[in-house]
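Please treat every number below as a calculation from the coordinates, not as lab data. In this text the structure is predicted, and so the values were computed from the model without any measurement. Quick reminder, even Gly has a Cβ in these numbers, built from the backbone with ideal geometry, and neighbours come from all protein chains shown.
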Amino acid sequence: MKSQYSECWSYSGLELSDSSPWGLKGVFTTLSLSGENPQLLFWEDHWERLENSLTMLGFGQGLDNIVFVRNKALEFIENQRCNYQHLLRIALTEEAFSLDIRSIGTNIVTHGLEGHPIPFTRNDPSLKSLLDEEIYGQLKNVKRNEVELLLISPAGNILEGLTSNLAFVLREKVIIPQNNTLPGITCFYLTKLFKEIGIIVAFEDVHSDDLQEVKEILVCGSGRGISFLNSIPENSWKQKGQEVFDQVSQAWAIKYG
């Protein structure tokens, strides 16, 4: 999916010709924005994760100029007042950073998503890495408003969605995989919400062989919001209800809009 608007800057403030950051050593984050005056949901959390990631990579320029990058991002959002649901990506490499906005669909929650397993583990699960170009490139081959690609470990564990974390309703509790998964910001707040409304949460692996016992699979992420899988055809799995989804999505809407 092509960007509607994009900019690329050096940390010294020089505007650069727009070029893709994919495949470079670096990190990115995405935020969902809606309307001309969007709520910047979990804005500070995204910047904290970016700063931590830059520290892990040893990117001094990015860290030293993080306030400049933040201000440019806010200016970019202000200048591109979009009257539709859109996704902002902030990507930082060693020498430069880029900002881009693209539209996203609004029918995901109504219909849910079809899950499709793919064998893959991230280069570094602790980072949202631009080096994972090959796997993110697979999004070009699917209808992103209808499909979520599910990352499967060599041992057969269902790790996460490519653009989301997963929460499995299984054995009277919600199970959230954590091993070899990207620690999502939306998932962090969803986990807190589960506990607030009295739903038991466990952090365990979920194997593909466990799927037939799973009643619901919730999907959460900046671009997805809170949604669900309706089926995983390759594993002959279909959703068996959406009681937990209905409960938590209503609570989420009240708390976060």
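A few remarks follow.
- Neighbour-count order for Arg171, Arg102, Arg224, fewest beta carbons within 10 angstrom listed first: Arg171, Arg102, Arg224
- Sorting Val142, Val248, Val219 by the number of Cβ atoms found within 10 Å of their own Cβ, with the fewest placed first, yields Val142, Val248, Val219.
- DSSP beta bridge pairing in region 21-180, given as percent antiparallel to the nearest 5: 80
- Nitroxide proxy distance, nm - points 7 Å out along Cα→Cβ at Asp209 and Glu95: 5.0
- For the pair Glu78 and Glu234, the difference between a 0.36 nm per residue extended length and the Cα-Cα distance amounts to 51.8 nm.
- Using the Cβ-Cβ distance between Glu134 and Glu243 with R0 set to 41 Å, the FRET efficiency works out to roughly 0.65.
- Cα centroid of region 12-65 to Cα centroid of region 171-206, whole Å: 26
- Set Lys128/Lys238; Lys25/Lys72; Lys72/Lys192; Lys25/Lys255; Lys140/Lys238; Lys143/Lys238 screened for pairs whose C-alpha atoms are more than 28 Å apart: Lys128/Lys238; Lys72/Lys192; Lys25/Lys255
- Working note: Cα gyration tensor of the chain, eigenvalues times five, square-rooted, sorted largest first, giving semi-axes of 31, 20, 17 Å.
- Model label sites at Glu44 and Val67, defined 7 Å from Cα along the beta-carbon direction, differ in position by 1.7 nm.
- Model label sites at Ser10 and Tyr256, defined 7 Å from Cα along the beta-carbon direction, differ in position by 3.8 nm.
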